[in-house]
Structure formats: structure tokens, C-alpha cells
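Structure first, commentary second.
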There are 4 protein chains.
Amino acid sequence: MKDVASEVDNRGITIDRVGVRDIHLPVMIREKEGGMARVVGCFDASVELPYHYRGTHMSRFVEVLSAWSKRAVSMVEIGAMLRQMQETFDAGASRLELTFKYFLTKYAPATGIECQLDYDCSFEGEMRGDEYQFTLSVVVPILTLCPCSKEISDRGAHSQRANLRVRLRAEPGVIIWLEDLVPLLEAQGSYELFPMLKRADEKVVTEGAYDNPKFVEDVVRDTVLALGKVDGVTWFSVECQSLESIHNHIAYAYAESN
Amino acid sequence: MKDVASEVDNRGITIDRVGVRDIHLPVMIREKEGGMARVVGCFDASVELPYHYRGTHMSRFVEVLSAWSKRAVSMVEIGAMLRQMQETFDAGASRLELTFKYFLTKYAPATGIECQLDYDCSFEGEMRGDEYQFTLSVVVPILTLCPCSKEISDRGAHSQRANLRVRLRAEPGVIIWLEDLVPLLEAQGSYELFPMLKRADEKVVTEGAYDNPKFVEDVVRDTVLALGKVDGVTWFSVECQSLESIHNHIAYAYAESN
Amino acid sequence: MKDVASEVDNRGITIDRVGVRDIHLPVMIREKEGGMARVVGCFDASVELPYHYRGTHMSRFVEVLSAWSKRAVSMVEIGAMLRQMQETFDAGASRLELTFKYFLTKYAPATGIECQLDYDCSFEGEMRGDEYQFTLSVVVPILTLCPCSKEISDRGAHSQRANLRVRLRAEPGVIIWLEDLVPLLEAQGSYELFPMLKRADEKVVTEGAYDNPKFVEDVVRDTVLALGKVDGVTWFSVECQSLESIHNHIAYAYAESN
Amino acid sequence: MKDVASEVDNRGITIDRVGVRDIHLPVMIREKEGGMARVVGCFDASVELPYHYRGTHMSRFVEVLSAWSKRAVSMVEIGAMLRQMQETFDAGASRLELTFKYFLTKYAPATGIECQLDYDCSFEGEMRGDEYQFTLSVVVPILTLCPCSKEISDRGAHSQRANLRVRLRAEPGVIIWLEDLVPLLEAQGSYELFPMLKRADEKVVTEGAYDNPKFVEDVVRDTVLALGKVDGVTWFSVECQSLESIHNHIAYAYAESN
């Protein structure tokens, strides 16, 4: 059977990325305490296609990804997957993104009732030759209460849900755990969110947010300062998007580490 | 050239709806004051397919819709389009949905600065034989401030953006204008939203919302009462979805007229 | 601490549904073979609110749902959750929707290579008093090849990805398993889809689809006939949406059982 | 009234981007022939916030954008808006993105029937000091027919809808018109799409696509070659995403100019 994808190509153009997207597979994420969280992952995987090949055997991406769907995944395994992809495709560079919802246990601030909250996370890996770069990404919902609204009003202050998105990279060998990163980020809003709150808890959240008003600019700056103190972090970006309650649009701020 | 769609079908099954979706076309919406608003419309159009036809000539839907994209559209024209679809397809029933963003001018509450705000609207028409039913739908963003949070807290109260969605039908010949309906709905939240607010305006909104706390249940009941007083309305449904600022989920209430 | 939600309401309006949406929790779905699939569920839960109560204690929904997130869920357990919700809220009616991605193993048609494919599913339950209605819903991706295009063209025929969505109800006590329903639905397209295909498989799929051209109208009618033969099914709806490859819009057909 | 946003900030952190998102306004886009197309625009606007300011007066973004919503917009006006934003906020850098659906007339290949098709476009502008960079972006739907499937199968070949996304920059003063760019991109697929096709047209499209099979890799390479011949273009990126009809995932290729 003829293999059209393996034909020689004469157009002389290297393609930066050839691959597949929207592949859902069950995956297991390594937890800080040593266990494994079973989640549903969505993959985007690609390799560089040298100028002399016409095409790629796309099914091989699915083969590589499927093989890993029964094993625990963390920064280390993403690197191994990339290496396997480069070998399989005889490619000089590869890229992989795994997005998933990760659950952590939250305790209500007054009653201590526990409940699970989900966070949108992703593991992004890029490899060129042997050089491997891993980027961890997480979106943390927080509450922001407007300092201007509080200052100028005789009573009350508008608040709203906001999202704090952080992407970061660390020194080789250093693992930044979601179990550590998420609480650090939740502490940067006017208050953190909870899936379940009794009235005694709601009072704590309401008053706590009122006592801690923050613009999206404040959230971003405080997050930059907090991440600057985390050992081993070499680069990060921070974005806070606020679903303004007095407008129908989003207010946001974005900063990168230097 | 053989016409496969026109073949006789022997499976004996009438199909309730056969049609097209996600067709974007420029449309003009009749304004209350007599003008026409140029918007981008998205159409979903279908007819009933009798059991004896195998298929439908889908291109005819696009023909009918395209012809109307240069004329002003309101409840009346949706009816004419349905009639034309039933004739074109020799169908006993038809259905049409046109969704679009509609802009209205808002004036900030203290400074009076004007700005346009967009609302997600739809015109839905259904015809069976000669019987025509038209449903108007609009989603209005509002602010809700939690009565419980205000009551139990020594200071502040959490607020958030919410969406109030109303669908309604009226007596034959009665047109409910978006220009009238939207302000009536905006009055049902703790406060209305604005695209542009100066500090003097923000003070009015903050204090106004604090003085008018509402659960989603309150918003829905007040809207039911308000719509009950609109002349000519024969049926409606109301849903308020609140993007809770202390949770990462939605709280909602839904009611229909009796 | 005052309980505003429990106040008496004087507006005289019963609210059909009050509840929460977009709650993500890990859940376990009962498999046909007796095991349990760990998935990420998204819940929408609500109760009817009698006219004399002002509000609902929304946190109790999260309590009920969280308690169930560690146990296996099927039609039976959804009923138990609804009963618990009605007791917790002293409500006469309740509603619950659980959506999740469910994985099944597929075998490539020539090589037999196995791989997992995900399907968007939902369990919907409604209870009024003691009367319980359960609806199973699944979206199955299929391939459709156009009969008209094949007939009129000297070579080739356009094909595209389509989605076949079925919702169905069964007699009390009858469980329709996704493991049985999905393959039955996949058989209704021009051909079924696979996550991984080698060239020998791709040849089978290409030729098989070419030999079995179907309009969306054909897919819907054949599905209606197939579901009519499943024991215990009392009601169903079928919709096929085709992402037309020669247009930028969707063609669709929809039918309900009588 | 105290102005909290204007307070001095001591954290020493410059914020790369502070702004607003999801602002919808009617806009007019300059057409090649000299007219103006009225569309609905969605804006993302931001400025750099120097380390010594605490916050930004977000309402001023809406003021600037609103003022422009009644005038025709092209590359030139985006630059003027950025300059105005930098002055208004006393900022050293600014960024603006305007996304909109743009309609062009298509003629069916055999019957010549005309109909409008919409394309998702965006104008992105960035300014740092006086240095202005404008990027035009458009997504063009096309049809791809698989060369491998055609080669190995005795009859037929699977085809599907794909999206070709191009972003490009040009020399100062050179305007690349969507009226020219879109047809050039549509010519890179196995065939172009149309909103309305009669049977004679469908035959042309089906046979034309069958005679011109292309992988996403081929589409990207051919687009790179075609854009390389457009006068004045200084940089571009090309991505082709194919909604595979035999899989439930996307296959894609991406390349940038050197």
C-alpha cells in the first residue's frame, strides 16, 4: 500500500508544528503526597516536520499518547513523551500540551466544612534537540472587591468573581506542585472562593473581602511579589481577569517576570 | 442530473425538523422609532419533512434567508419568511430562529454620559399550517447584591454580575419592543450595568445596589410581577443566572407564567 | 445569625426551579460489566421553591452532590439524589443533570488496534412527588457521505464529521447501557469514527463510507428505526448535525418518537 | 472625591498590560472599493502601567473606543486609536485588538449564484513609543480531501471542513485588503466553500476537491509559497486545522515566515 505521507517534498519548507488537537484520554496526575489523581486530559501534540518530508503519520501521536494514559504524569513524564515523539517521527523538535481539571480540598473559613474545588490546569512541554522546557499553568478563581468603589461610597463596595492565571517555569529538577501553587495564588485576591459556605463562613468571606480591596492591578503586583519568593522559579506570567459586576465587560492586568 | 433528495422514501417516518444552522448574514432590525439597526444575524431554519420525501434541498433555505438580509426584520417579517419556507418546501410546518446583538444607548446615572450596550437577543418563529407563534428572547446583564451576605456581615456585602433571560409571546398584532423591554428588565436587579461609569456614577451604583439587595429568587419574582403588567403579553419565562463572586459556580432561578 | 433565605415571601409566586449550575466534581459511573469509570462530572441541580419561602440555602445542593461524588452513579442513584434533595429542601419537585465524558474502547476495522474514544453523555433526572423520570443522553460522532454528491459526480463524494445526539427514556427498572447504545448509534452513519487508524483501516473506512452514502435525514430515520427495536425504550429524540465540508454551516435533522 | 487609582504605588512593578476586554461596539470597516462595512466589533484594549501608578481609569478605554465606533476603521485608524490611548493614559506602550465578522460575496462555481459568506477577522495593533506594528488576521474555511485516503482506496476519499488561519504584517503604508487576501487563501485548500450550491455547483466542488487532494501540511506549504509572493508582506504565520471526518479530533499544521 503506497505511503503518500512519506513522499519526498520539493517545496523546501520546514513546518514548525504538525500534529493533533482535542484528543481526550483518561490520565493520572502525580499528587504531591505521592498518590495519583485520575482526571480527563485533553492533548495537543506536535512535531517539527523537516522540509524534505511531505507529511506525518498522525496516528502515531495517538499511539504515543494512549500508551501514557495508564501511567501517572508529571513534568518528568511529559519530557519522556516528547523524547518518544521525536524518535517516532525522527523530528528535531516537539511540543505537547495537556489540559485537565484538578481537584483540591477546600475548608470553609469558619465551619471548616470540606469540599472539592476544581482548577483548570495545563502541563506544556517543548523540546528542541535535548533541550526541554516545561511550563505549568493554572487558573484560580478569586474574589476582587473594588478599592475605588469602597473609598467613594458611603456603604458597600462592588465585588465580583475574577480569574488569576499563572504560567511558570522552574529550574531543572524542581517540581512546583499545584497543591502549593494554588493556595499561594488564592491568597492574592480580596478573598478566596469556596464551593460550599454556611452563613458563618459567608460572613467571614464578606468582611474579609471588604477589608482587603484590590484592583486587578493590585492582584497582579502582589502575585508577582509572591512568585518572586518561590524557590526555583525561573520565569512566570500573571494575568488577572475580573468579570466586573458594574459593567458587562472584563477588566484585566498582565505582567511577566523580567 | 439525478435528484437524490427528491426520491420517494419508504421508511414511513416524518422528520420534525430538517434544516440549517450557523448561517451568518447581515440583517436589519426594525427599531421602535422607525429606523433600522444593522446587525449580524445568525440563523437556524428548518421545515417538517413529510414521510414520503427522502431529503430536502438545503440550498433553498440559504436562498430564502439571503433574500431577506437586505430588508428590515421584525415579528411580521419572520412570519413572512416562515410562510415562504413552507411554500418553497411544500411543508406543513416551519421554524426559524434569528439571534443577534442589539445595541441600546445607556446614560450613566450621575454624569449622564452616554454609551452603547449590547444585548443578546433572538426572534423565534414557529408556523404550523397558518398558525404562527412568535417568541422574543433577550438576555440582560444586571448586578445582584446578596441579601444574606448584607444581613449577616458587619460591613460590605458580596455582589456579582448576573444575567436575566426572558422569553415572551404576545397577542397577535402586539409588538413588544426591545427598547421598552430591556429597561424594564434592567430595573429588576440590585442595579443595572453600564459600559462607562465615572467615579460619581460608580458611587450611585454601589450605594444603590447596597440599598437594594436581591437573591436570584427575588429577581425572578419581581420580573414575573413586572411582566404580568405589560399589556398584550400572553406567555413568558424568566431565568436569572448569577455568577456568584464567593463561589466558582452559578446560582439560578427559573419561572414560567401560568 | 438571621436567616434571610427562610423569610416568608408575600409575592405569591412559586418558582419552578431554584438551584446551582457548573459544579464540577469527580464521579464514578457504573459500567455494564460491573466496574466503575472515574470521570469528571458537571452538575445542574434544582428544586421547586414554594411561593411562601423567600429563598433557598444553596449550599445544601453542594452538600448533597459532594456526598455522592465518592459513590458509583447510575439511573438508580440519580433517583436517590433527587429524593434526598426534595427532603432537604422540603420541595415538591426536583431536577438534576449530570454531564460527563465517557470512554469506550474502539477497535480499528482492519488492524484491530484498540484505542479509547470519549462520548459526551448526560444523566437527567426529574422528580415530582414520587414520580421519577430519567433521561439518558449521548452525542456520538459519525461520518456522513453525501448521496447527492456521489450520484452527480464522476468521481469522489464529499464527506464530513457529524454528530448524532440521542435522548431516551425507558420503562421503570430497565437500564439502557452506554456500552450498548453507543455502538448501535455509531452504526447509523455512513461509517463510524476511530481515534487511531492505520492505512489498512483508513481504506476500509473510506470505501465503507463511499458504499453507504447518507443524508442527515437518512441517519435520523435509520436511528428512529433502530431505537424502535430496543426493548424497554418508551420515548426518544434523535438529532443529526453535519459539519458540512462544502459549506461553512451545519445541516441537521431532528425527530422524536411518537 | 478621592481618586484611589491615581495613588502612588510602592511595589516597584511595571504592569505590561492593563485594560478591558469583551467590549462590543458597532464599527465600520473600510472596504477596498472605498465603501464601509458596518459590523459588530469586539475590542481588547490595554496600556502599559508604569510602576509608580497604582491603577488605571478603565472608563477612559471605553471613551476612546466609543468615539471611534461611528467612523470607518482600518490599519491607519487603529494606529490613531493607540496614539490617543497612550496620550490619555500617559503610557509608553499600548495594544488594541478588534475582532469582527466580515462578509464577502461568493459566486457558485457553475451557476454563478451569489451569496455572502462571513470570515472571522481581527485587526491587532501594538505601539511602543512611536513604533507601530499592525497585524491582520483572518480565518478562512476550506475543504481538504485526504491524499492518503484517495491513494489507498479503490473508490472515494474522505474530505472535511478545515480552517486556514493567517496572521500577517506589511511594510509601512501597505494595506493588505481582506478582499484580496481571502480569495488567495481560499485557493489553497482542496476546494473553497460556498454558502449556497445547486447540484451543478456541487458536482464541480466534489470533482474539483477529488482532483486536488491535500494534507494540512500541503495547505500550509502552499499558503507559505503564495504569501511569499504578495508584495509588501514582511511577516506571516499560517495554521491549517482540519476537523477530520474519520476521527473525532483535529489535525493541524503551523508555520511562520522566516
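The values are calculated or read from the model by the stated rules, or taken from the named source; none is laboratory data. Remember, it's a predicted structure, so these values are computed and weren't measured experimentally. Ideal geometry is used to build each Cβ from the backbone, glycine not excepted, and the neighbour counts take in all protein chains shown. What goes into the accessible areas is simple: the full protein's heavy atoms, side chains included, and nothing from ligands, DNA or RNA. Shrake-Rupley method; radii C 1.70, N 1.55, O 1.52, S 1.80 Å.
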Item to check | Fraction of accessible area attributable to carbon and sulfur, region A:1-129 (%, probe 1.4 Å) | outcome: 46 percent
Item to check | Euclidean distance between Cα centres, region A:171-212 to region C:126-204, Å | outcome: 43 Å
Next on the checklist: Under the rule of at least 5 residues apart or a separate chain, name every residue whose amide H is placed under 5 Å from the amide H of B:M36.
Outcome noted: B:E31
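For region B:174-249, state which trypsin sites (Lys or Arg not before Pro) are in a DSSP loop and have at most 12 other beta carbons lying within 10 Å of their beta carbon. Can you show the working numbers first?
Details: sites: B:K198, B:R199, B:K203, B:K214, B:R221, B:K229; in loops: B:K198, B:K214, B:K229.
Answer by residue number: B:K229.
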Checklist entry - Measuring with a 1.4 Å probe in the full set of protein chains, what accessible area per residue, in whole Å², belongs to chain D? => result 37 Å²
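Taking each residue in A:96-104, count the Cβ atoms of any other chain within 10 Å of its Cβ, then average. What number comes out? Each step should come with its number before you reach the end.
On the way: counts 0, 0, 0, 0, 1, 4, 1, 5, 0.
Per residue, the number of nearby Cβ atoms from other chains is 1 on average.
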Checklist outcome for this item: Connecting every pair of Cα atoms under 10 Å apart in chain D and solving the GNM, the largest mean-square fluctuation among D:V138, D:V204, D:V47 falls on D:V204
Next on the checklist: Residues of region A:31-50 that become at least 30 Å² less accessible with every protein chain present than in their own chain isolated, using 1.4 Å: which are they?
Outcome noted: A:R38, A:V40
Item to check | Relative frequency of Cα-Cα separations exceeding 23 Å in region B:117-258, percent | outcome: 39 percent
Checklist outcome for this item: For the C:E114, C:A200 Cβ pair and Förster radius 22 Å, calculated FRET efficiency rounded to 0.05 is 0.90
Item to check | Net charge of Cβ neighbours under 12 Å - reference B:V4; Lys, Arg +1; Asp, Glu -1 | outcome: -2
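Provide the FRET efficiency to the nearest 0.05 for the A:E7-D:T105 pair, computing r from the beta carbons and using R0 = 41 Å. Please report the intermediate quantities before stating the final value.
Working: r = 38 Å, r/R0 = 0.92.
It comes to 0.60.
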Checklist entry - Of all DSSP beta bridges in the protein assembly as shown, what percent run antiparallel (nearest 5)? => result 95 percent
Next on the checklist: If I build a Gaussian network model for chain D, linking alpha-carbon pairs within less than 10 angstrom, which residue out of D:N163, D:N248, D:N212 has the largest mean-square fluctuation?
Outcome noted: D:N248
Checklist entry - Can you list the equivalent-ellipsoid semi-axes of chain B, largest first and in whole Å, using the square root of 5 times each Cα gyration tensor eigenvalue? => result 42, 20, 16
Checklist entry - In percent, how large is the relative contact order of region A:55-127, given Cα pairs closer than 8 Å and 6 or more residues apart? => result 30 percent
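Using a probe radius of 1.4 Å on protein heavy atoms only, what is the accessible area buried between chains A and B, both sides summed, to the nearest 100 Å²? Kindly include the intermediate steps, with their values, before the conclusion.
Numbers: alone 14390 and 14390 Å², together 25530 Å².
So the total buried area for this chain pair works out to about 3300 Å².
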Item to check | Distance from region B:58-124 to region B:220-237 (C-alpha centre basis), Å | outcome: 23 Å
Checklist entry - At A:E114, with labels set 7 Å past Cα in the Cβ direction, how many nm apart are the copies from this one, shortest first? => result 3.6, 5.9, 6.9
Item to check | Using θ = phi - 60° and Karplus 6.51 cos²θ - 1.76 cosθ + 1.60, couplings along region D:151-164 (whole Hz; Gly, Pro as x) | outcome: 5, 8, 9, 6, 7, x, 5, 6, 10, 6, 7, 9, 10, 10
Checklist entry - Where is the GNM fluctuation largest for chain A (alpha-carbon springs, 10 angstrom cutoff): A:H247, A:H57, A:H24? => result A:H247
Checklist entry - Label-point separation (nm) for A:A187 and B:A67, each offset 7 Å from Cα along Cα-to-Cβ? => result 6.8 nm
Checklist entry - Going down the table (B:K214/C:K2; B:K101/B:K150; B:K32/D:K70; B:K70/D:K198; A:K106/A:K203), which pairs top 24 Å between alpha carbons? => result B:K101/B:K150
Checklist entry - In nm, what does the list of distances from C:R11 to its counterparts in the other copies look like, shortest first, when each label sits 7 Å along Cα to Cβ? => result 4.0, 4.7, 6.1
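Could you check how much of the accessible area of region D:142-258 is carbon and sulfur, as a whole percent, using a 1.4 Å probe?
Working: 1710 of 3700 Å².
So the carbon and sulfur contribution to the accessible surface is 46 percent.
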Item to check | Projected label distance in nm at B:T88 and A:D211, using a 7 Å step from Cα toward the beta-carbon | outcome: 6.5 nm
Item to check | Residues listed by number, region D:223-258, amide nitrogen under 13 Å from D:Q133 label point at 7 Å toward C-beta | outcome: D:234-237
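Below 8 Å between Cα atoms, with a sequence gap of 6+, how large is the relative contact order for region A:1-129 in percent? It would help to have the intermediate numbers written out before the result.
Details: 254 pairs, mean separation 32.1, N = 129.
Here the relative contact order equals 25 percent.
Rounded, prolate or oblate: which fits the protein assembly as shown when a ≥ b ≥ c are the square roots of the eigenvalues of the alpha-carbon gyration tensor, with rounded for a/c under 1.5 and prolate only if a/b beats b/c?
Rounded is the answer for the protein assembly as shown, as its axis ratio a/c remains below 1.5.
What length, rounded to one decimal in nm, is gained on full extension from D:D154 through to D:A80, with 0.36 nm per residue of separation minus their alpha-carbon distance?
Working: separation 74, 0.36 × 74 = 26.64 nm, distance 5.89 nm.
Gain on extension, D:D154 to D:A80, equals 20.8 nm.
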Checklist entry - For chain D, what is the relative contact order in percent, using Cα pairs closer than 8 Å and at least 6 residues apart in sequence? => result 15 percent
Checklist entry - How much space per residue, in cubic angstrom, does the convex hull of the C-alpha atoms of region C:1-129 take up? => result 115 Å³
Checklist entry - When each copy gets a label point 7 Å from Cα toward the beta-carbon at D:E87, what are the spacings between them in nm, shortest first? => result 5.7, 6.2, 7.1
Checklist entry - How about region B:58-139: which trypsin sites (Lys or Arg not before Pro) there lie in a loop by DSSP and see at most 13 other Cβ atoms within 10 Å? => result B:K70, B:R71
Next on the checklist: Placing +1 on the Cβ of each Lys and Arg and -1 on the Cβ of each Asp and Glu in chain C, which of C:M85, C:V62, C:Y102 has its Cα farthest towards the positive end of the resulting dipole?
Outcome noted: C:V62
